[in-house]
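What follows is one structure encoded as structure tokens, with my remarks underneath.
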Amino acid sequence: MEIVADGIDDILIKLYPCLLNSGIRNKGKRGDTLEILGVLIRIENPMARISRSEDRGKPFSALGELLWYLSGSDRLTFIERYIDRYKTDAEDDGRLHGAYGPRLFNMRGKIDQLGNVIQLLRQRPSSKQAVIQLFDAEDLTGDFREIPCTTTMQFFVRDGRLHLSVTMRSNDGYFGLPHDVFCFTMLQEIVARSLECELGVYYHYVGSMHVYTDYINNMQSYIDEGWQRPEIMPSMPKGDPFVEVSKLLKAESLISNNVQLNADEEMKSPYWADILRLVQVFWASGNQTRLDELKKEFHNEIYRSHLETRRNKKQRFTSNTPGKE
């Protein structure tokens, strides 16, 4: 099965009916699923990585997951603040065996895979060897609670554009796919800027594309919302993105500990200042005055609607379940 579209919402509105109508029942690790084998997704504009849907638009938790990758951490204490569901995947020592960060930047305790790929493509832009391995043969030798769903990432520079091909052994189409597309296309753009390339196409191949049957109604609700016009993030500015990533990670650590920052003073460009504001919105949830301030400060209009969606969701949730998110 192949799906070609401009952005994430174009993909989901085509994928979800196929899962509902053609998915085969299969017992998954966390319950029964509807599954389609061998799905290829091609996204022509990787910057259309955020869903406009009230339900599937997840820029805050997806950004938290991206920062977790970029930090190189495998600690539950980092990611559970953004995605509570990771608690079930952590080992007894509070680490996640399948965490991508150490595998990207410190594979087997010594290999910076992402750095090696960037260096290789600078020296030989036409190379077909720019592969990052996330799944490891050793992952099948122990009784781990979770192992990587992603097997490889391969980067290609062609005609001045950086393309990325991601291969996954397994992908949860409802929860995982929107996050994966966001995180991997952001990594694609970070590498493109590091190489001074334009952003190319994003390819996403999945061995087992599935949805857990407990979420069939949620998936149907997304379909019932109807087609969403693609929402395109602004282009990442030129220059070394890792300088800004380093600042972003330091700022996130302070914000998560209730330190107030001015995003425009912390980051070099409006683009990165807005990314930092997304982090601030996440941590300001429930503080209506602070959310109003942040809404006015965003440079790009697309983020304001997501702030309001998060505000409304939090208000609905706390009215039904006090004290819990």
Residue among 11, 41 that alone is part of a helix (DSSP H, G or I), open to solvent by less than 20 Å² (accessible area, probe 1.4 Å) and either in contact (Cβ under 8 Å) with a residue 60 or more places away in the chain or in contact with a Lys or Arg (Cβ under 7 Å, 6 or more places away or on another chain) (or both): 11
So, in segment 169-179, how many residues would count as being surrounded by 22 or more Cβ atoms within 10 Å (Cβ to Cβ), part of a helix (DSSP H, G or I) and either of a type in the set (Lys, Arg) or out of contact with any Lys or Arg (no Cβ under 7 Å at 6 or more places or on another chain) (or both)? 1
Does segment 34-71 hold any residues that are more than 15 Å from the chain's Cα centre (by Cα) and among the small types (Gly, Ala, Ser), and which are they? 38, 53
Within the set of pairs 6+ apart or on separate chains, which have a first residue in segment 221-233 that is more than 13 Å from residue 17 (Cα to Cα), a second that is open to solvent by less than 80 Å² (accessible area, probe 1.4 Å) and of a type in the set (Lys, Arg), and C-beta atoms under 8 Å apart? 233/49
Would you tally the residues in segment 68-101 being part of a helix (DSSP H, G or I), more than 18 Å from residue 142 (Cα to Cα) and out of contact with any Ser or Thr (no Cβ under 7 Å at 6 or more places or on another chain)? 11
Among the residues of segment 281-295, write down those that are assigned to a helix (DSSP H, G or I) and touching a helix residue (DSSP H, G or I) at 6+ places or on another chain (Cβ under 9 Å). 281, 282, 283, 288, 290, 291, 294, 295
Output the qualifying pairs, or none if there are none: Cβ atoms under 8 angstrom, residues six or more apart or on different chains, first residue in segment 125-144 and among the hydroxyl-bearing types (Ser, Thr, Tyr), second residue surrounded by fewer than 14 Cβ atoms within 10 Å (Cβ to Cβ) and at pLDDT 95 or above. 126/158
Some residue of segment 128-145 being assigned to a loop (DSSP other than H, G, I, E, B), crowded, with 17+ Cβ neighbours inside 10 Å and more than 20 Å from the chain's Cα centre (by Cα): yes
Number of the condition not met by residue 198 [criteria: (1) modelled with pLDDT of 95 or more; (2) under 28 Å from residue 102 (Cβ atoms); (3) surrounded by fewer than 16 Cβ atoms within 10 Å (Cβ to Cβ)]: (2)
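For every residue, the table says whether it meets (1) open to solvent by less than 20 Å² (accessible area, probe 1.4 Å); (2) assigned to a loop (DSSP other than H, G, I, E, B); (3) more than 25 Å from residue 115 (Cα to Cα).
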{"residue": "21", "(1), (2), (3)": "no, no, yes"}
{"residue": "26", "(1), (2), (3)": "no, no, yes"}
{"residue": "49", "(1), (2), (3)": "yes, yes, no"}
{"residue": "63", "(1), (2), (3)": "yes, no, no"}
{"residue": "66", "(1), (2), (3)": "yes, no, no"}
Residues being part of a strand (DSSP E or B), open to solvent by less than 40 Å² (accessible area, probe 1.4 Å) and more than 13 Å from residue 184 (Cβ to Cβ) - total across segment 147-168: 1
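The values are calculated or read from the model by the stated rules, or taken from the named source; none is laboratory data. If you're wondering where the values come from, they're calculated on a predicted model, not measured in any experiment. A quick note on method: Cβ atoms are made from the backbone with ideal geometry, for glycine too, and the neighbour counts reach across all protein chains shown. Surface areas here come from the heavy atoms of the whole protein model, side chains and all, with no ligands, DNA or RNA. Shrake-Rupley method; radii C 1.70, N 1.55, O 1.52, S 1.80 Å.
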